[in-house]
C-alpha cells in the first residue's frame, strides 16, 4: 500500500472529487429505499396523492444526483488508476536506465519487462477497484446498518450475525490466494523469458531442428502459468455464489421473522421493503470489499516486485554534483594499477593494468577470448566501477566526473551493433540530436555507409526494422560507427567493431577514421592483426594481465602470445615482410 499511497498523493484534487462522488452515489442507493418506504406507508396507505407526488419529485432529484455521482466516480477512478500506472512505469523505466549490467543480470531482462508492464497493470486494476469500494463500502455498510437498526432492531441482529462470517471468509480467501499469486507472477517471468529467447534465437533453433523441444518447453511453462491463473480465477469466482447463497439465506430468515412482526402489527410493509434494500446494499458492499481482498494479494505481490526494482540502487553512482575543470588542454587518459572483479565474482578479471593514452593516438587491445579486452574498455564509460586503482581522463579521476559529462566525452561502438526501430537518420542522430543533414552525410561517408544508404529507396529516411533485419551485419557496424562519429567525442571506443567488414572496407574505413579522429583518443578491441597493426600502441592481454605493450613490429619480436596470434593470421611471407 505504501507504493500506491506514494503515487496517490500526486492526485489529491481528483481524490477529493472521488470522495464527493462516493457520497452522491450512496445518497441515491440508500435514499431511494427510504423514499419508497414512505410512499408506501404514508402515501399509498393514507391515499395521500399530494404526498406521493412530492416524494416522486424528490426521488427524481436524488436519481439525477446519483447518476452524476456515478459518472464522476467512474471518471475519477479511471483517471487516477491509469495516471498512477503511467507514472509508475515512467519511474521504473527511468530507474532502470541507471542500472549497471550487474543489476540487469540480477533481475533478468524478461523479469524487468514483466514488472514494468504486467505488474504495473495489476496495480492499476487494484487501484481502480479500491477507489470504487474502499470508501464506498464503509459508507454503505455503516449507513445501511444504521438504517436497518432504525427500521427494525430485531431484524438488524440477523445481519449483525452474518457479517462476521463474511469477514472470516474474506481473510481465508486472501491467505490462500497470496502464495498462488506469487507463483503465478514468477511463472509469467519464465514465460516471457522463454518467448524472448525463442523469438530472438529463431535461426539457431531452426538450424538445430529443435522446434519441438522449444515448443515443449514453452507448453510446460504456459501450462504452469495457466494452472495458477485458473486456480486464482476459481477462487475468485467461488466467492460470488457463496455470497449470494448467504444473502438469500439471510433474506429467507428475515422474511420469516418479518412476517410474524407484520402479523403482530410491529412492522409495516414499506419498512420491510426498505429494510430489504438496506440489507442488499450492506451485503453487496461487503461482497465488493471481498473482491478487494481477493485482488489484494496479487496486487501486493506486484507491488513488492516493483518496489524491489525501485529500491535497488545501481553500483554506478554520481559522486559529485559538478564535474571539476581540467587544467590541461590536450586530452589524455591513464590507467594506473587498475584491478577489477565483477560484483558477483570472486577472482579479479583484470589485474594491475597501467598505460597512458594521448590525444591523436590509437591504442589497440588484442588477446585470446576471455582475456579481458571488452571488460577493460567497459570500465572507461563506467559501465562497471573498478575494484582498485585509478582511471584518469585529463588528469581527473572518472569517478569525479558526473556520469553524463563523462559519457558525453565518449563515442562508444559496441561489439554487437545495436540499431533502433526508426529511420536511418534517427539512428544516426542518436549520437547528436540536432545533427544536420550535412553532418549525417559526412559521418556516413567516413564510415563507408553513404553508398548503401543512397541505394535505399528513401535514403536517410529509410526505416530500420525491429532488430535491424533489413541491413546486413557489416552495414549495422558501419551505421554504429557513423552514429559515434556524429558526436565528435574526445574518446572513441571500438569494441571489435570491424569484425563484420571485409578486408578492403576495413582498410578504407580505418584510413578515413585516422584523419577524422586526429584530435581524439581511439581505443580499438580487435581480433584481426590487420585491423590494429598500424596502432600507436598495442596492448596484449592474457588472463587479465598485460603481457605485451608496444608497436606491431616490436611485439612480433618481444611478445610470444602476439607472435602466436600473428602466426595464426598471417602467412610466413607477411611475417618476414613485417
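The values are calculated or read from the model by the stated rules, or taken from the named source; none is laboratory data. Everything numeric in this text was worked out from a predicted model, so none of it was measured. Note that each Cβ is placed from the backbone with ideal geometry, even for glycine, and that neighbours are counted across all protein chains shown.
Structure summary
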{"quantity": "Condition broken by residue 267, with the remaining ones in (1) over 50 Å from the mean Cα position of the chain (by Cα); (2) part of a helix (DSSP H, G or I) satisfied", "calculated": "(2)"}
{"quantity": "Selection within region 46-64 - assigned to a loop (DSSP other than H, G, I, E, B) and either surrounded by 11 or more Cβ atoms within 10 Å (Cβ to Cβ) or not assigned by TED's automatic domain parsing to the domain that holds residue 21 (or both)", "calculated": "48"}
{"quantity": "Scan of region 149-174 for residues that are at pLDDT 70 or above, buried (at least 19 other Cβ atoms within 10 Å of the Cβ) and within 20 Å of residue 26 (Cα to Cα), ordered by number", "calculated": "156, 159"}
{"quantity": "Residue count, region 345-369 (criterion: touching a residue at least 40 places away in the same chain (Cβ under 8 Å) and out of contact with any helix residue (DSSP H, G or I) (no Cβ under 7 Å at 6 or more places or on another chain))", "calculated": "13"}
{"quantity": "Positions within region 227-237 being without any contact (Cβ under 8 Å) to a residue 40 or more places away in the chain and in contact with a helix residue (DSSP H, G or I) (Cβ under 9 Å, 6 or more places away or on another chain), in sequence order", "calculated": "227"}
{"quantity": "Of the criteria (1) exposed (fewer than 12 other Cβ atoms within 10 Å of the Cβ); (2) at negative phi, which one residue 226 fails", "calculated": "(1)"}
{"quantity": "Residue selected from region 196-221 under the condition farther than 20 Å from residue 301 by Cβ and touching a residue at least 12 places away in the same chain (Cβ under 8 Å), by the criterion surrounded by the fewest Cβ atoms within 10 Å (Cβ to Cβ)", "calculated": "200"}
{"quantity": "Residues that are more than 56 Å from the chain's Cα centre (by Cα) and either at pLDDT 70 or above or assigned to a helix (DSSP H, G or I) (or both), drawn from region 20-45", "calculated": "38, 39, 40, 41, 42, 43, 44"}
{"quantity": "Verdict on residue 338 being under 27 Å from the mean Cα position of the chain (by Cα) and either surrounded by 13 or more Cβ atoms within 10 Å (Cβ to Cβ) or outside any helix (DSSP H, G or I) (or both)", "calculated": "no"}
{"quantity": "Residue in region 145-163 that is out of contact with any strand residue (DSSP E or B) (no Cβ under 8 Å at 6 or more places or on another chain), in contact (Cβ under 8 Å) with a residue 60 or more places away in the chain and not in a helix (DSSP H, G or I) present", "calculated": "yes"}
{"quantity": "Some residue of region 187-206 being within 21 Å of residue 239 (Cα to Cα), assigned by TED's automatic domain parsing to the domain that holds residue 304 and either touching a helix residue (DSSP H, G or I) at 6+ places or on another chain (Cβ under 6 Å) or not in a helix (DSSP H, G or I) (or both)", "calculated": "no"}
{"quantity": "Among the residues listed as 137, 114, the single one being touching a residue at least 60 places away in the same chain (Cβ under 8 Å), more than 22 Å from residue 16 (Cβ to Cβ) and in contact with a helix residue (DSSP H, G or I) (Cβ under 6 Å, 6 or more places away or on another chain)", "calculated": "114"}
{"quantity": "When residues of region 517-533 are limited to those that are in contact with a helix residue (DSSP H, G or I) (Cβ under 8 Å, 6 or more places away or on another chain) and either not assigned by TED's automatic domain parsing to the domain that holds residue 361 or not in a helix (DSSP H, G or I) (or both), the one modelled with the lowest pLDDT", "calculated": "528"}
